[in-house]
Amino acid sequence: ENLLRMWITYVDFFRRPVLHHSHIQFEISLVLEGTGEYHVGEAAYPMTPGDMFVFTSRESHYITQACQTDLVLLNLQFEPRYP
């Protein structure tokens with residue numbers, strides 16, 4: 001059983017369908033390259049390299065666009081019971 005996961009996400013330039021999602025795990029996303037827009041609940045936030053987003057358990061979030069170039073994010077997801 002994985003209580004902690006880490007991966008890199010590549011979002012193609014302007015090729016992102018709206019994928020509302022939430023999960024039981026907490027998640028940290030760090031923008032490595034590119035710019036775009038993250039939606040969290042009803043709010044929208046611009047993303048630039050170095051920005052970090054922290055999502056609580058069951059918090060709805062999704063990326064709606066990658067602007068000018070592809071978007072690269074480092075994601076860390078962990079279970080609430082992670083020691």
Could you state the orientation-averaged shadow area of the convex hull built on the Cα atoms of the stretch 37-83, in nm² to one decimal?
3.9 nm²
Show me the ranking of peptides 44-50, 67-73, 4-10 by mean Cβ neighbours inside 10 Å, starting with the highest.
67-73, 44-50, 4-10
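I'm a student and want to see the number: the projected area of the Cα convex hull of the chain, averaged over all directions, in nm².
Its average projected convex-hull area is 5.3 nm².
Rule-based calculations on the coordinates, nothing more; no lab input. Only a predicted model underlies this, so the values are computations on that prediction, with no experimental measurement involved. Neighbour counts run over all protein chains shown; Cβ positions are idealised from the backbone, glycine included.
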